[in-house]
Amino acid sequence: MHVVVVGAGVVGVTTAYELRRRGYRVTVLEKHDVAGNETSKGNAAQRSYGVVYPWADPAMVRKALPWLLKADGPLKIPMPLSSATVRFLVSTLRYAYSPGLYGLNRRAMLRLALHSRTRFFALENELELSFDGDHRGLLQLASTPEALEHYLAIHQLLNEFGVPSRLLSPDEVRETEPGLIGSGPLAGALSYDLDGTGDCHLFSRSLAQACVQEGVKIWYGVNVRRLLADERRVNGVLFQNERGGQETLEADAVVVCAGCWSAQLVKPLGLKLPIYPVKGYSLTATITDPDRAPVSTVHDDHYKVVSTRLGDRLRATGFVELADFRRNIPEARLATIRKSVESRFPGCADLSSAEPWTGFRPMTPDGPAIIGRGPRENLYLNTGHGTFGWTLSAGSADAIVQVMEGKESPVCLDAFRPGRFSE
């Protein structure tokens, strides 16, 4: 059976590996010249299994306006608003205030995240992958006593799922992260003890190489234009090759893992996916003083910036910006990220020569990813993971292959069903 996977980001590559591991013949089509070169390239580098939550959070909606009014606030919505941005915001509000939906979706995402953690350990045991990966936990700092009190509810939820976490005092925080000597306010932290780190771009490339060694074909530099389908099945894929010519590739099944570009492929088949490109920014810098740098991942709740150690590098990431597909990088965004790092880990890295990056997280308005069978019997979707693609990729890949094989998924996928936006 020949399966075509559209997209070689971290979700597409993990899906290709799971398919090949089960004996399928697999071809991956990727528009970039290497794997993991879009959203996977410069993300926050955290595999945050305990942190996952839906975008449509009533509490987040209440914080949105104050954030917008702050010059260095984490939420940015440039004017004028596009029609796509308006639709996304309206849908998000509707889902945020749907009674009980947030709690159901958060639990569903947490179950998938814990399965993903299990699958990541299996992958790392099966293969020799080089990506500066580790599992040394994540600290979510509390700048105020009120923030620490809010973390108590999260701590209780994690206990419900058997996920180790701890509420830490300021002294315990500094004992866990000795480099945290900056002047930023600190009332304590919530420690997610099982969370991990890793360079998603390097992981994607390393796993892609492992896939090729196992017989997977990955065609780079090709743009998928259309899924060739009749009323019952997808028969193949029409794509533009690296020379600009058009070719077709026959398929027994197709899995769409194209992130923000997934919706345009399935819309002609009658499925509307409201995936929005939520923009984020990062800086990657060389660590100049290892003793001053983070041990693992630290989330600064004051600036909403995540700092992660990747071997001898520091990755600092922030912002949620609704700007469609604008790839510009305003200096003000980078300045805020630098300010956060210096307020927590002063002198740890050479931020002046850090590599800037911006990318688009494929976000759904309710929060969960889109995982399941599409509008044709041999079409499947594994996309729309938002800010948690790196975290959920291994679990999502295993789940979608189980669906393809007609088996019971390792986690309930009701919250992730592709057709929910038309219900």
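The values are calculated or read from the model by the stated rules, or taken from the named source; none is laboratory data. Everything numeric in this text was worked out from a predicted model, so none of it was measured. Every residue, glycine among them, receives a Cβ derived from its backbone with ideal geometry; neighbour counts consider all protein chains shown. Surface accessibility is based on the protein's heavy atoms, side chains included, excluding ligands, DNA and RNA. Shrake-Rupley method; radii C 1.70, N 1.55, O 1.52, S 1.80 Å.
Determine the gain in length on full extension of the stretch Val212-Glu408; use 0.36 nm per residue of separation and subtract their C-alpha separation, reporting nm with one decimal. Walk me through the numbers on the way to the answer.
Details: separation 196, 0.36 × 196 = 70.56 nm, distance 2.84 nm.
Roughly 67.7 nm would be gained on extension.
From the cross-link list Lys31/Lys272; Lys41/Lys267; Lys41/Lys217; Lys70/Lys272, which pairs have alpha carbons spaced over 25 Å apart?
Details: Lys31/Lys272 22 Å; Lys41/Lys267 27 Å; Lys41/Lys217 21 Å; Lys70/Lys272 35 Å.
Correct reply: Lys41/Lys267; Lys70/Lys272.
Debye sum, Cα scatterers, region 323-423, no solvent: what log₁₀ I/I(0) at q = 0.14 1/Å? For region 323-423 at q = 0.14 Å⁻¹, log10 I(q)/I(0) is -0.70.
Counting 0.36 nm for each residue step from Lys70 to Asn223 and taking away their Cα separation leaves a gain of 51.1 nm. Taking 15 Å as the cut-off, the amide N atoms of region 311-334 that come nearer than this to a point 7 Å along the Cα-to-beta-carbon line of Ala84 belong to 321-328. Secondary structure note: in the chain, about 70% of the DSSP beta bridges are antiparallel.
Stretched out fully, how many nm does the piece from Ser183 to Ile77 gain, at 0.36 nm a residue minus the Cα gap? Before the final figure, lay out the partial values.
Working: separation 106, 0.36 × 106 = 38.16 nm, distance 2.93 nm.
Gain on extension, Ser183 to Ile77, equals 35.2 nm.
The phi-based Karplus calculation (6.51 cos²θ - 1.76 cosθ + 1.60; θ = phi - 60°) puts the 3J(HN,Hα) values of region 30-43 at 9, 6, 7, 8, 9, 6, x, 9, 10, 4, 6, 6, x, 6 Hz, whole numbers, x for Gly and Pro. Label-to-label distance, Ser169 versus Leu127, with points set 7 angstrom from Cα along the beta-carbon direction: 4.5 nm.
What does the net charge come to around Asp193 if you take all other residues with beta carbon closer than 11 Å to its beta carbon, with K and R at +1 and D and E at -1?
Working: positive: Arg136, Arg166; negative: Asp195.
Net charge around Asp193: +1.
Per residue, the chain reaches -10000 deg cm²/dmol at 222 nm when only DSSP H runs of four or more residues are counted, each adding -39500 (n - 2.57). For the chain, with the dipole built from +1 on Lys and Arg beta-carbon atoms and -1 on Asp and Glu ones, taken about the Cα centre, which of Ser40, Phe325, Thr118 lies farthest toward the positive end? Of the options given, the answer is Phe325.
Summing Lys and Arg as +1 and Asp and Glu as -1 over all other residues whose Cβ lies under 14 Å from the Cβ of Val173 gives a net charge of -4. Helix 200-213 and the longest principal axis of the Cα set of the chain meet at an angle near 30°. Mind checking which of Asp193, Asp134, Asp171 has the largest fluctuation in a GNM of the chain, springs on alpha carbons under 10 Å? Maximum fluctuation in the GNM of the chain, among the listed residues, is at Asp171. The share of C-alpha pairs in the chain whose separation exceeds 34 Å stands at 27 percent. Applying 1/(1 + (r/R0)^6) with r as the Cβ-Cβ distance of Thr144 and His32 and R0 = 25 angstrom yields a FRET efficiency of 0.05. Setting aside same-chain residues fewer than 8 positions from Lys76, which lysines have a Cα under 17 Å from its Cα? Qualifying lysines at Cα under 17 Å: Lys63, Lys279, Lys304. For region 150-219, the ratio of Cα radius of gyration to the globular rule of thumb 2.2 N^0.38 Å stands at 1.72.
As a length-normalised measure over Cα pairs under 8 Å and 6 or more apart, the relative contact order of the chain settles at 26 percent. At a probe radius of 1.4 angstrom, the accessible area of region 276-423 per residue rounds to 32 square angstrom. All other residues whose Cβ lies under 12 angstrom from that of Ser352 are scored, Lys and Arg at +1 and Asp and Glu at -1, for a net of -2.
I need the fraction of alpha carbon pairs in region 1-156 separated by more than 26 Å, rounded to a whole percent. Walk me through the intermediate numbers first.
Values: 5689 of 12090 pairs.
Beyond 26 Å sits 47 percent of the P(r) for region 1-156.
The modelled label-to-label distance between Glu331 and Asp291, using points 7 Å beyond Cα along the C-beta direction, is 3.5 nm.
Comparing mean-square fluctuations of Val90, Val341, Val11 from a GNM of the chain with C-alpha springs under 10 Å, the top value falls on Val90.
Using a 1.4 Å probe on the protein chains only, how many percent of the accessible area of the chain belongs to carbon and sulfur?
Working: 8660 of 17170 Å².
Ligands and nucleic acids excluded, carbon and sulfur give 50 percent.
Computed 3J(HN,Hα) for region 154-167, one whole-Hz value per residue from the Karplus formula 6.51 cos²θ - 1.76 cosθ + 1.60 where θ = phi - 60°, is 5, 4, 5, 5, 5, 4, 4, 9, x, 9, x, 8, 9, 8, glycine and proline marked x. Computed over the chain with a Gaussian network model linking Cα atoms closer than 10 Å, the most mobile of Ser393, Ser353, Ser116 is Ser353.
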